[in-house]
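Below: the structure, in structure tokens.
Read the figures in this text as sums done on the coordinates, not as results from a lab. Model, not experiment: these values are computed from the prediction. Don't worry about glycine lacking a Cβ; one is built from the backbone with ideal geometry, like all the others, and counts go over all protein chains shown.
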Amino acid sequence: MLTAIAVLHLLVSIALIFVVLLQTGRGSEIGAAFGSGASQTLFGSSGTSGFMTKLTTAAVVIFMLTSLLLAYFYSHREYVVKAPSSQTEEKLPAKVPSPPPAPAEAPPAPGK
């Protein structure tokens, strides 16, 4: 399931890049560069949203949901690294030396 979400996330991110790059910007007419008609396209003319805007919104929603799902799943995933048994036997020493026993009492000082 995690792989499917990651693949979907990758596809949606590529689609989102293409959808955003295919859209024309507001005020992209040649007259907007010189100031004629820029106020109408920049501040007004908010009509119904077109197909590309709806497609962009859907791609962004899917992208955000898959981002949140991937973050949740990867943060709650338990990572267990298991080494093959042959490698663990080679790395471990045959016997771990035990520390020397501590003296029970210090010897008396000479002359006392």
Query raised in the report: How much length is gained on full extension from SER67 to LYS54, taking 0.36 nm per residue of separation minus their Cα-Cα distance?
Result: 2.7 nm
Query - Sorted by Cβ neighbour density within 10 Å, fewest at the top, the residues MET52, MET1 - result: MET1, MET52
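Working out 0.36 nm times the residue gap between SER13 and ALA109, then minus their Cα-Cα distance, what length gain in nm do you get to one decimal?
Working: separation 96, 0.36 × 96 = 34.56 nm, distance 8.08 nm.
This chain segment gains 26.5 nm when fully extended.
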